[in-house]
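Visitor: Sharing a structure with you now.
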Amino acid sequence: GGVTTIPTTVEYYCLTDLDFYVRTTTTADDVYTFNETSLFSNSVDSTIQRCAFDDGFTFPPTPTLDTATGICSDVVLDVRYVLWWRGTELTRVTASVILADVAIETTVPDGTNSSTVLSQKFGVEFSYDSLNVTAVDATEVIDRSGNPGYDVGKVLLTGTLSLTNDSIENVGPSGLQIWSPAVDGLCTSAGRTAVVFGENTISGCTLRLGWDNFQDCASLRDAVRAQQEALVTAEFISRGGNPNSTVITDWIPVINNDTTDPTE
């Protein structure tokens, strides 16, 4: 038989703030420079824009090195694939490619030059395709995390209570996450990963605080609390790996302690 092709969309984004991807070859002491702060990463997605050349048809420029300036242009920093599926087939593929101009060497605080260490990131996500869903599609069985209980290593399924009916919506693994630190251990470069069943995990990341941070302890406390609370957005966790979103007894509530009182 012939090969069946599916629609593929590639979007190119150009980034100017490279802190999330670029480090320098400094010593451990230089990494933790006195009074240099490092809190949480701002979302890269909120700071990037589509490249000027990207009209949906034009190929990206070939990466080139300017030997006079020491800058390599149009370097691939990040590629994120989303494979959309329905039933037992892929329906479409989307890809986001992040490009940037990267200096081969940078000047560190002591005035010397340091080679650039580039962290390239690649990600693949499988997502259910709800576009143009038919009545038959809507009733198909969707892969869960076990049946009836959880399979070891499968993600815990979470959700939120629907405001329109007595059921659970936004079912998936994103409501209960832990830190997934990068090689430097800093929260600035840390990602997040879902909690899985049957596997004990200890995770965290490091904040680098300067004197300025302690001038407003309330703001510092609020910033840390907001990031920690963002790890647990779920209101309910499924008792097993194949829950019914309309049966509330299939779910147990997430109890959050009130952390707004700074004395607690």
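The values are calculated or read from the model by the stated rules, or taken from the named source; none is laboratory data. Just so it is clear, the model here is predicted, and its values are computed rather than measured. So basically every Cβ, Gly included, is an ideal-geometry build from the backbone, and we count neighbours across all protein chains shown. Accessible surface is based on the protein model in full, side chains and every heavy atom, while ligands, DNA and RNA are left aside. Shrake-Rupley method; radii C 1.70, N 1.55, O 1.52, S 1.80 Å.
Visitor: Taking the options G191, G153, name whichever one is modelled with pLDDT of 75 or more and closer than 26 Å to Y21 by Cα. Break it down stepwise before answering.
Guide: Working: G153 fails: closer than 26 Å to Y21 by Cα.
From the options G191, G153, the qualifying one is G191.
Visitor: Please verify whether I98 is open to solvent by less than 50 Å² (accessible area, probe 1.4 Å) and at pLDDT 85 or above, treating the condition exactly as stated.
Guide: Numbers: open to solvent by less than 50 Å² (accessible area, probe 1.4 Å): yes; at pLDDT 85 or above: yes.
Yes; evaluated as a whole, the condition is true for this residue.
Visitor: Then there's this: Given (1) in contact (Cβ under 8 Å) with a residue 60 or more places away in the chain; (2) open to solvent by less than 60 Å² (accessible area, probe 1.4 Å), where does W179 come up short, assuming only one miss?
Guide: Result: W179 passes all but (1).
One line per residue, one yes/no per condition, for (1) surrounded by 14 or more Cβ atoms within 10 Å (Cβ to Cβ); (2) hydrophobic (A, V, I, L, M, F, W, C); (3) out of contact with any Asp or Glu (no Cβ under 6 Å at 6 or more places or on another chain):
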site	(1), (2), (3)
C187	yes, yes, yes
A190	yes, yes, yes
S219	no, no, yes
G240	yes, no, yes
P243	yes, no, no
V247	no, yes, yes
D250	yes, no, yes
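Visitor: Kindly indicate the residue of the stretch 141-176 that is under 24 Å from the mean Cα position of the chain (by Cα) and among the small types (G, A, S) and also surrounded by the fewest Cβ atoms within 10 Å (Cβ to Cβ) among those meeting that condition.
Guide: G153
Visitor: Could you give every pair whose Cβ atoms fall below 9 Å, whose first residue belongs to the stretch 57-84 and is of a type in the set (A, V, I, L, M), and whose second residue is modelled with pLDDT of 90 or more and in a loop (DSSP other than H, G, I, E, B), counting only separations of at least 6 or pairs across chains?
Guide: That search, which allows pairs on different chains as well, returns V75/P63; V76/P60; V76/P63.
Visitor: Can you confirm whether A52 is of a type in the set (A, V, I, L, M), in a loop (DSSP other than H, G, I, E, B), touching a strand residue (DSSP E or B) at 6+ places or on another chain (Cβ under 9 Å) and modelled with pLDDT of 90 or more?
Guide: Taking the combined requirement at face value, the residue satisfies it.
Visitor: Let me ask another. Looking only at the stretch 209-253, filter to residues that are free of Cβ contacts under 8 Å to residues at least 12 places away in the same chain and among the small types (G, A, S); which one of those is farthest from S174 (Cα to Cα)?
Guide: Ranking the candidates gives S219 first.
Visitor: Pick out the one residue from I255, I237, I248 that is at pLDDT 90 or above and either in contact with a Ser or Thr (Cβ under 8 Å, 6 or more places away or on another chain) or not aromatic (F, W, Y) (or both). Can you show your working first?
Guide: Numbers: I255 fails: at pLDDT 90 or above; I248 fails: at pLDDT 90 or above.
From the options I255, I237, I248, the qualifying one is I237.
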